[in-house]
Structure formats: C-alpha cells, structure tokens
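S.K.: This is the structure I have questions about; it appears just below.
The values are calculated or read from the model by the stated rules, or taken from the named source; none is laboratory data. The structure presented is a predicted model; accordingly, all values stated were derived computationally and were not measured. Counting neighbours? That spans all protein chains shown, and the Cβs are built from the backbone with ideal geometry, glycine included.
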Amino acid sequence: MSQHELAKIYDPQAVEPAINEQWLSSDAFRPKADGDDAYCIVIPPPNVTGSLHMGHAFTFTIQDMLIRWQRMKGKSVLWQPGTDHAGIATQMVVERILDKEGLHRRDMGRERFLDRVWEWKEESGGTIVSQLKRLGASCDWSRERFTLDEGLSDAVREVFVRLYEENLIYRGKRLVNWDPVLETAVSDLEVEHDEEQGHFWHIQYPHADDPSKHVIVATTRPETMLGDGAVAVHPDDERYKDLIGKQLILPLCNRTIPVIADEYVDPEFGTGCVKITPAHDFNDYDVGKRHDLPLLNIFTNRAHIAEEDWIPEQYHGLDRYEARERMVADLEAEGLLYKVEDHQHKVGRGDRSHAVIEPYLTDQWYVDIKPLAEPAIAAVEDGDIKFVPQHWEKTYFEWMRNIQDWCISRQLWWGHRIPAWYCEDCDHITVSRETAECCGGCGSKKIRQDEDVLDTWFSSGLWPFSTLGWPENTEEMEKFYSTNVLVTGFDIIFFWVARMIMMGMKFTGKVPFKDIYIHALIRDAQGQKMSKSKGNVIDPLEIIGDYGADALRFTLAHMATPGRDVKLDIKRIESNRNFMNKIWNAARFVFMNRGEAKPDASIAPTQDVNRWILSELNSCTADVEQALTDYRFNEAAGTLYNFIWGSYCDWYVEAAKVALYGDDEAAKAETQVVMLTALDGWLRLLHPICPFITETLFQELHGADARLVTDNWSQSYSSDAQAVTRINRVMDVVSAIRSVRGEMNVAPGKRIDAIIACGAEVQADLEAEKKLLMSLAKLESVAWQDADSEVDGAAVAPLAYAKVYLPLAGLINVEEETARLNKNIARLDKDIAMNEGKLANPKFCGSAPEAVVAKVRTDLDEAKAKREEMTAAIKRLSSL
C-alpha cells in the first residue's frame with residue numbers, strides 16, 4: 001500500500017496477520033544486545049493443553065502493554081515465553097484419547113504412555129502459542145521454554161537435591177487429599193468445597209459391657225465407620241463422664257473401640273458424641289495422634305473397600321458408595337440405624353476430576369516450608385516486593401503465616417519424576433542429580449526409582465530463574481534477574497506467586513520480581529463466571545476474527561481496573577471496533593490532505609488551534625506515562641480514548657479544515673505538519689495497547705521500512721497555555737450552541753445568528769478565533785454584548801464566563817416544538833415512575849441479579865436527566 005492510498009474501510013483480518021509476520025521475521029521482539037537498562041517479565045506459562053481463553057487474553061494484553069512500552073523507551077526488553085507441562089491436566093487429556101482407543105495407561109506401561117503424551121504435546125501442545133501470537137504478544141519466541149525441557153528439568157532436580165540435603169524435603173506417611181478417579185494426592189488448593197444435599201445417618205453404638213445401652217453418633221459418611229478408632233466426647237460433658245474409658249461395640253464389625261475425652265468435640269452439636277476415624281478425616285487424624293489411636297486405612301487407591309481382615313468380608317472390594325448403601329441397609333436390619341436426616345453440607349471435589357475427595361493415609365514427599373516462608377514474608381514486609389493493589393498483601397500474609405508443609409508428590413506418570421531410588425537390600429533412599437546406578441548406602445544395584453512425579457507447581461515455582469538458565473550463572477540471569485513485574489490473577493497467589501517468591505529467595509538470594517500486579521477476573525456482562533455449561537463463554541479467537549485483536553485488546557485494557565471481577569460485554573468490544581474505525585478514518589483524512597508535509601516534533605506553530613493540539617498531546621503523554629508507571633491501565637486507555645476520539649478526531653480534525661480548505665497557504669502548510677505530528681505522537685502512545693493498527697498507520701506515515709514496535713515511545717512538543725485557554729473557550733461556546741440547536745430541533749445545516757454576552761478578555765479570545773467559531777458552530781453571524789446584558793426573544797445557553805443567545809424566532813415552530821417536548825416528557829414520566837417502583841420494591845432489589853438492578857438505576861438516572869433537559873428546552877422556547 002503506497003502513501004495516500006489507505007483503504008477506505010479498516011479490515012483487521014487483512015492488516016493484523018501481515019504486521020505480525022513483519023515483527024516475527026525481523027526479530028523485533030528480541031532484547032537489544034547492547035542495552036544495559038534491562039526490563040523483563042516472565043510469562044505465566046499457560047498449560048500446554050490449553051487454548052486461549054479470555055483470562056489469558058486479559059493478562060497477556062496487560063503484560064504486552066508493559067513490554068511494548070518499555071521496549072519503545074529504549075530498554076533491552078525480554079518477555080520470556082513458555083508453557084507448563086500441566087501434569088494432571090495433560091495426563092487426563094491423553095487418557096481420554098486412549099480411552100476412545102480402548103487403551104489404559106496401566107496396560108501400556110509407563111514408557112509407552114509417556115511416548116504417547118510427548119507425541120500429543122508435539123502435535124497439539126503449540127496451539128496456545130500460535131493463539132498468543134495472533135493476539136499480538138511480543139514475546140521473544142526464540143527463547144520459548146517448556147517446564148519439562150532438559151535445562152528446566154536439571155533445575156528441578158538441583159532444587160530437589162539441595163532441599164533434601166538440607167533436610168527441607170522429607171518423606172512421610174500423612175493424611176492427604178486423595179482423588180480416587182485420578183488416583184493421586186492433590187493439594188488443599190486443588191479442592192473445591194461447595195454446598196451439596198446429603199444425609200445425616202444417626203447410628204447406635206452399643207456399650208460393650210451392656211449391649212442394651214448405646215450412644216448415638218451422626219455421620220455423613222457411614223462407610224468410614226469401618227475405620228473408626230474411638231468415639232469422642234467433651235471432657236466436661238456430664239452426660240458421658242461415666243462412659244470415658246469404656247468400650248463400645250463398633251456396629252457391623254467384630255471389634256470394640258474406646259470412648260475418649262477431647263476438647264475438639266462440641267457438646268452442643270448433635271448428641272455430643274463424635275466418631276473418630278483417624279485415617280479418613282483431617283480433624284480426626286489430629287485427635288488420633290493425641291490419643292495414640294490406630295490408623296486404619298479402609299480404602300484402596302480407587303476408593304474401594306480394602307480387603308483387610310479387620311473389615312467384614314461382605315464389604316471387600318465395594319465402591320465407597322456401594323459400601324455405604326449396603327452398610328446402611330445392614331445397620332437398619334440390625335436395628336442400629338436410629339434415624340436419617342436430610343443435611344446440607346460442604347463437599348470437597350477435585351477441581352480437575354470433580355470426584356469427591358477422600359482424606360487418605362499414604363506415603364508422600366513434603367517440603368518443610370516454614371524456613372522458606374520466613375524470608376518470603378520479610379521480602380514483602382520490607383517493600384522489596386510490592387503488591388498492586390496493595391490490599392492483596394493481607395491475603396498473602398494470612399496464607400504465608402499459617403502455611404503448612406507442602407505435599408509435592410503426585411501419583412502420576414507425566415511430570416518431573418522424583419529423583420529418589422529405594423534400595424531393596426538396606427532400605428536406604430538415594431537422592432541424586434543424575435540417574436542412580438547403585439545404592440548410596442550399601443552399594444547394591446538392586447534399586448528402583450520412585451514412581452511418583454512432582455507437583456506441577458514445584459517446577460512452576462522455579463520459572464523466573466530456571467528459564468534464564470539457572471543453576472548456571474548465565475548472561476541472561478545476570479542481566480534480567482530479578483524480573484520487573486509479575487502480572488497474574490488473585491486466584492493463584494497461593495498456588496504460584498508465593499512459591500516463586502520462596503524458591504527465588506532460597507536459591508538466588510534475590511526476589512524473583514519487584515512488583516506483583518494482581519488483575520481482576522473476567523466475568524460475563526451479568527457478572528457470572530464464564531463456563532461452557534452456562535453457555536456464556538466469550539471466545540477471544542472468535543472476537544479477534546469478528547472485531548480484530550486491537551479492539552479486544554483496547555477493551556481489556558479499558559477494563560483493567562483494580563478489583564476482584566470485571567464484566568465483559570460484547571457491546572464494549574463493538575464500541576471499540578468503532579473506535580478503531582474512527583482512528584482509521586481520521587488517519588485516512590490526514591493522509592489525503594497531507595500534501596508533501598512530514599511530521600516535525602520541533603515545530604513551533606503560529607496558529608492557536610495547532611498550538612492547542614500539541615499542548616493537549618503533551619498533557620496526554622504525561623498522563624499516559626504516569627498511568628502505565630502506576631499500573632493504572634484503564635486510565636491509560638481512557639486518557640488515550642478521550643484524546644484521540646475527542647480532542648483529535650472530533651475537534652482538531654474539524655478545526656483543521658478551516659485552514660486546509662482556506663486561502664492562507666502558510667496556515668495550511670503549518671496545519672498539515674501539525675496534523676501529521678500529532679497523529680505520529682498518539683500512534684506512539686496507543687501502540688502498546690493497539691499494536692496492529694498503529695504499526696500499519698505508522699508505516700503509512702513514515703514509509704514501509706519504518707517499525708513503530710522498536711521506535712521511540714514519546715516526544716516532547718511545544719506548549720502554549722494561552723492557546724489552550726482560547727481554544728477551550730471556543731469549544732465551550734460551540735458545544736453550547738450545538739446543544740441548543742439539538743434541543744430546539746434546528747436543522748443541522750441551517751446557519752444561525754449568535755449573540756455572546758461576556759467580558760473583554762473572553763471576547764478577545766473568541767474574536768481571535770471568530771472564523772473557527774463560526775465554522776464549527778455553523779453561525780451566520782456573531783455579535784458581542786457586555787457580560788451583564790440580557791437578550792429578549794432568544795434561547796440562552798449559560799456558561800461559567802459567558803451567556804450565548806440564539807435568536808431562533810422564525811426558524812422553528814414554537815408551538816409544535818413545545819408539544820413534541822411535552823409528549824416526550826410524558827413518556828419519560830411513565831419510565832421514571834416504573835423504574836422508581838421497581839427500586840422501591842425490596843423483593844425486586846433482593847432477588848434480581850445485581851446487573852439488572854444496576855441497569856434500572858442507570859435507566860432512571862438517564863430518564864431524569866433527559867427530563868431536565870427537555871424542561872429547560874421548553875423554558876427556552878417560552879422566551880421566543
């Protein structure tokens with residue numbers, strides 16, 4: 001496309017892929033080799049299983065804004081990309097594929113299964129990377145990393161071995177959250193607790209010395225009574241003082257259990273008797289440790305009843321829910337089921353499998369986390385790391401100060417296999433950076449490697465420094481670590497953010513990042529969480545296809561306000577697509593009227609309107625710079641929107657036509673230069689948010705070889721406060737006249753007279769720009785009167801420093817206009833009454849969705865404002 005031949009209509013699908021290819025082929029995203037002033041962000045690695053969703057689009061748009069901004073400021077910028085192997089998620093995807101083929105991983109064996117996972121990863125794992133490129137993410141894609149890459153795997157083993165050697169990693173038998181579908185331990189953070197409808201089964205436990213007597217125990221999980229170790233009562237509960245220390249018969253089982261006293265029991269809840277199952281309840285586990293109760297594991301890995309000799313044989317091998325049904329029936333048959341109640345209670349489910357989680361006793365690997373947490377807490381307390389917004393510090397501190405040892409082993413095959421080997425001869429555990437050939441204790445070659453893999457978040461916790469080459473002291477580590485900022489959602493502060501801080505402080509002695517920007521989560525227009533089941537998912541790739549990446553990016557930037565949730569409405573994206581069209585059309589007009597002019601930031605204009613737009617551009621530049629510095633992305637976007645659409649397109653381009661179409665060649669030539677200069681200036685400012693359209697127009701402005709992506713961020717222009725005041729006054733008067741014309745239904749093209757009553761200073765300013773004023777306001781003539789003058793028979797528009805009178809007699813039919821306005825007021829009165837009635841109804845306000853109530857309030861406010869405008873218009877008409 002040659003200069004002056006910009007397409008009539010902006011087509012992002014024609015523009016964006018070509019621009020992206022330019023950037024990628026020219027290595028525009030690589031760090032400057034000679035840049036000493038470094039800036040680095042590590043991408044929160046999306047799961048290799050994933051496709052781009054709106055949350056990704058949001059966080060990566062924010063990061064790309066920062067990266068492009070700093071790159072244009074001349075820094076050596078690295079945005080480190082990569083993907084996460086996503087242990088559970090990836091294994092589930094591949095197992096589903098195999099299931100359709102009639103295969104199971106355990107039948108295939110570990111090596112064959114992992115071959116299939118790697119095969120899938122190579123075929124499908126790059127989807128999200130190509131989608132990020134389509135969004136415009138300016139990562140250095142030549143440095144793309146994967147958490148199972150050889151170098152990153154070396155870092156993982158190094159960290160594991162060092163922590164083990166310092167006794168900060170240990171193996172122990174503990175109660176864990178067990179997912180019986182995935183057959184692995186999962187962390188507390190991977191368990192979702194929601195209210196579900198269930199039952200309370202009240203069961204009679206007979207006294208061992210007198211089976212005619214009994215205590216009643218209520219449970220939501222009757223199958224777990226097979227593992228009961230005791231019944232607990234409160235030590236001060238007078239009802240059961242004589243029972244403490246005595247034995248009860250465990251129903252359905254041929255054994256007895258003691259009655260114990262423990263303050264854990266709430267004597268006011270239920271009967272005051274609580275069954276204690278130490279191997280299948282976290283609270284019971286603690287009680288069991290205090291009373292030295294046996295740990296009886298009743299389940300297999302798949303939550304089937306274990307075939308133990310202390311469990312009645314009729315329940316062996318049953319699924320937990322089959323066992324529940326059978327046991328309840330048996331209790332009823334033996335007269336031991338006292339009653340059953342409906343009961344609403346919280347149930348924990350795995351966030352991946354959605355299976356009900358079982359507390360389960362098993363051997364796992366743990367990190368002794370408190371020694372790592374202490375310096376990580378201090379780093380935030382001392383200000384070495386800052387949360388933005390700051391209130392997220394409280395959330396961080398609450399979790400970190402109550403942190404529990406981290407279970408890092410997972411019973412999966414896909415992931416970083418734990419570098420530990422067990423000796424069959426001496427039971428010694430050998431932990432090694434390299435593959436062990438023999439036992440480190442006795443030298444025996446009869447060793448086997450641990451079957452488990454590490455929690456995905458273990459390797460992710462090393463991401464800021466492992467991607468830069470650690471444990472080697474690479475140039476990248478020297479130059480880019482610590483990184484500058486982490487951009488992420490509040491939902492993974494515990495999963496990921498805290499662990500990166502702990503690992504970074506431990507293994508580099510430095511914080512992994514200086515700032516943590518916590519953005520909100522994207523909801524739909526009604527504030528609902530997006531989900532496929534609700535049918536309210538907005539696919540960013542579909543949006544990019546329909547509206548373009550820039551329209552989506554600008555919408556997300558404009559929404560990036562501090563808070564927990566933001567609502568995304570397609571209408572906002574449509575509006576910003578219109579903004580892109582406005583930009584394109586304004587630039588097209590400028591190029592068509594540029595003549596031979598070129599941008600010149602050093603120009604000192606003589607025309608007020610030209611001095612005004614450059615002064616406004618200076619202010620816009622300063623405001624956007626400060627907003628980005630403070631991570632106020634919505635303010636940066638809003639400032640640019642107001643300047644580009646309002647100041648430049650709506651006012652300056654229209655004002656420039658006076659000179660462009662006039663006879664003053666000097667004014668025309670100056671205006672052509674300033675039009676281009678201002679366009680050049682705001683294209684630079686807008687580029688971090690809307691890179692595609694700005695790059696396209698920049699090349700149209702400067703030639704095909706120009707590259708805005710690596711050009712300067714901003715420039716300084718001449719400023720003139722007097723010109724700003726003068727032009728702002730012209731704009732005030734023009735806006736007032738346009739408002740009255742609209743209210744009075746004056747034909748848009750009809751030229752009218754105006755009388756302005758004002759002081760001498762204001763008159764001087766307006767007279768200096770009389771030609772501009774008359775052109776923009778479509779005036780036939782303008783006359784001046786003293787500030788305190790009154791004009792009869794004219795509509796009046798009062799300003800703070802002037803009154804604008806418009807003699808409209810003869811131009812409009814006063815009676816018809818008054819009737820029309822009264823009719824509209826009557827309609828508005830009905831709307832106002834209806835909406836006031838809704839808001840006065842407590843049932844509506846209490847049951848309707850928040851978004852619906854908010855819209856009614858907005859509609860009411862808008863109707864009242866319109867009514868006031870129309871009432872004022874009738875008052876004006878009465879004076880004609």
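S.K.: Mind telling me which of the residues K770, K838 ends up being closer than 25 Å to R726 by Cβ and of a type in the set (K, R)?
M.R.: The unique qualifying residue is K770.
S.K.: Right, here's the next one. Just to be sure before I move on: is V733 part of a helix (DSSP H, G or I), more than 22 Å from L135 (Cα to Cα) and touching a strand residue (DSSP E or B) at 6+ places or on another chain (Cβ under 7 Å) in the structure I sent?
M.R.: Yes; evaluated as a whole, the condition is true for this residue.
S.K.: Does any residue of region 396-403 turn out to be surrounded by fewer than 15 Cβ atoms within 10 Å (Cβ to Cβ) and acidic (D, E)?
M.R.: yes
S.K.: Return the only residue of V746, V762 being β-branched (V, I, T) and modelled with pLDDT of 95 or more.
M.R.: Only one candidate passes the filter, namely V762.
S.K.: Something else about it: In region 468-491, what count of residues is obtained for those that are aliphatic (A, V, I, L, M) and without any contact (Cβ under 8 Å) to a residue 40 or more places away in the chain?
M.R.: So the answer is 1.
S.K.: Additional query: Does any residue of region 66-83 turn out to be in a loop (DSSP other than H, G, I, E, B) and crowded, with 22+ Cβ neighbours inside 10 Å?
M.R.: yes
Okay, residues lined up against (1) more than 20 Å from W713 (Cβ to Cβ); (2) modelled with pLDDT under 95:
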| residue | (1), (2) |
| --- | --- |
| L552 | yes, no |
| P562 | yes, yes |
| N578 | yes, no |
| N610 | yes, no |
| R632 | no, no |
| A637 | no, no |
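S.K.: Scan region 723-742 for residues that are surrounded by fewer than 20 Cβ atoms within 10 Å (Cβ to Cβ) and either assigned by TED's automatic domain parsing to the domain that holds V77 or in contact with a Lys or Arg (Cβ under 7 Å, 6 or more places away or on another chain) (or both) and jot them down.
M.R.: Scanning region 723-742 gives no hits.
S.K.: Condition test on R448, is it surrounded by fewer than 17 Cβ atoms within 10 Å (Cβ to Cβ), outside any loop (DSSP other than H, G, I, E, B) and in contact (Cβ under 8 Å) with a residue 24 or more places away in the chain?
M.R.: Yes: the conditions hold for R448.
S.K.: May I pose another question? Kindly indicate whether any position in region 552-569 is touching a residue at least 40 places away in the same chain (Cβ under 8 Å), surrounded by fewer than 18 Cβ atoms within 10 Å (Cβ to Cβ) and part of a helix (DSSP H, G or I).
M.R.: No, because not a single residue in region 552-569 is touching a residue at least 40 places away in the same chain (Cβ under 8 Å), surrounded by fewer than 18 Cβ atoms within 10 Å (Cβ to Cβ) and part of a helix (DSSP H, G or I).
S.K.: Moving to a separate point now. Report the residue count in region 802-823 for those that are within 52 Å of the chain's Cα centre (by Cα), loosely packed, with under 14 Cβ neighbours inside 10 Å and more than 12 Å from L877 (Cβ to Cβ).
M.R.: So the answer is 1.
Yes or no, residue by residue, for (1) crowded, with 18+ Cβ neighbours inside 10 Å; (2) in contact with a Gly (Cβ under 9 Å, 6 or more places away or on another chain); (3) among the hydroxyl-bearing types (S, T, Y):
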{"site": "Y321", "(1), (2), (3)": "no, no, yes"}
{"site": "A329", "(1), (2), (3)": "no, no, no"}
{"site": "H345", "(1), (2), (3)": "no, yes, no"}
{"site": "A378", "(1), (2), (3)": "no, no, no"}
{"site": "D382", "(1), (2), (3)": "no, no, no"}
{"site": "F387", "(1), (2), (3)": "yes, no, no"}
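S.K.: For R30, which of the numbered conditions (1) under 29 Å from G504 (Cβ atoms); (2) part of a helix (DSSP H, G or I) fails to hold?
M.R.: It fails just one condition, (2).
S.K.: Of all the helices (runs of 4 or more DSSP H) wholly in region 788-880, which have at least 3 residues that are of a type outside the set (S, T, N, Q) and in contact with a helix residue (DSSP H, G or I) (Cβ under 6 Å, 6 or more places away or on another chain)?
M.R.: In region 788-880, the matching helices (runs of 4 or more DSSP H) lie at 814-839, 850-878.
S.K.: Please go through region 408-442 and give me each residue that is surrounded by 13 or more Cβ atoms within 10 Å (Cβ to Cβ) and more than 20 Å from E165 (Cβ to Cβ), ordered by number.
M.R.: R410, Q411, L412, W413, W414, G415, D425
S.K.: Looking at E476, E434, can you tell me which residue is charged (D, E, K, R), touching a helix residue (DSSP H, G or I) at 6+ places or on another chain (Cβ under 9 Å) and in a helix (DSSP H, G or I)?
M.R.: Only one candidate qualifies: E476.
S.K.: Here's another thing I want to ask about it. Only one of these is part of a helix (DSSP H, G or I) and either under 30 Å from D491 (Cα atoms) or touching a residue at least 12 places away in the same chain (Cβ under 8 Å) (or both): L252, L226, L248, L243. Name it.
M.R.: None of the other options fit; the residue is L226.
S.K.: Taking the condition of being over 42 Å from the mean Cα position of the chain (by Cα), among the β-branched types (V, I, T) and surrounded by 22 or more Cβ atoms within 10 Å (Cβ to Cβ), how many residues in region 261-275 meet it?
M.R.: Residues that pass the stated criteria total 1.
S.K.: Also: Being buried (at least 24 other Cβ atoms within 10 Å of the Cβ) and modelled with pLDDT of 95 or more is the requirement here; does A655 meet it?
M.R.: yes
S.K.: Can I ask one more? In region 397-411, how many residues are touching a strand residue (DSSP E or B) at 6+ places or on another chain (Cβ under 7 Å) and in contact (Cβ under 8 Å) with a residue 40 or more places away in the chain?
M.R.: 6
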